[in-house]
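Presented below is the structure to which this report refers.
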Amino acid sequence: MSDDGQLRGESSASPEGRLDDFIESVSDAFYAVDPEWRIVVFNRAAEEFFGFPRSEVLGRSIWDIWPSGRDTEFGRACDRA
């Protein structure tokens, strides 16, 4: 992750870079996970809301970051998904 606000290091000229710019510009916390529940996108608003810098969460499982969420209705819904 670069310090220029790009979520995946893509150039703003690329479609991925424009998407990153858009996600970064929204004021709501936004994150996305891959099929293994690893965080792959984490915007600035998510950093503020959750209290973690993206450098600490990108590539990590949500269960490593929020282990208490595993044994909740949310965690069970994720298991079913």
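General observations
- Selection within region 16-36 - open to solvent by 80 Å² or more (accessible area, probe 1.4 Å) and among the aliphatic types (A, V, I, L, M): Leu19
- Considering Arg70, Arg8, the condition of being basic (Lys, Arg), out of contact with any Phe, Trp or Tyr (no Cβ under 9 Å at 6 or more places or on another chain) and either at pLDDT below 95 or surrounded by 11 or more Cβ atoms within 10 Å (Cβ to Cβ) (or both) is satisfied by Arg8 alone.
- Any hit, region 40-47, residues being of a type outside the set (Lys, Arg), farther than 14 Å from Ile23 by Cβ and modelled with pLDDT of 95 or more: no
- Residue within region 37-49 that is acidic (Asp, Glu), open to solvent by less than 50 Å² (accessible area, probe 1.4 Å) and either within 12 Å of the chain's Cα centre (by Cα) or on the phi > 0 side of the Ramachandran plot (or both) present: yes
The values are calculated or read from the model by the stated rules, or taken from the named source; none is laboratory data. All values derive from a computational prediction rather than experimental measurement. Virtual Cβ from ideal backbone geometry, glycine too; neighbours counted across all protein chains shown. Remember, those area values only see protein heavy atoms, side chains included, never the ligands or the DNA or RNA. Shrake-Rupley method; radii C 1.70, N 1.55, O 1.52, S 1.80 Å.
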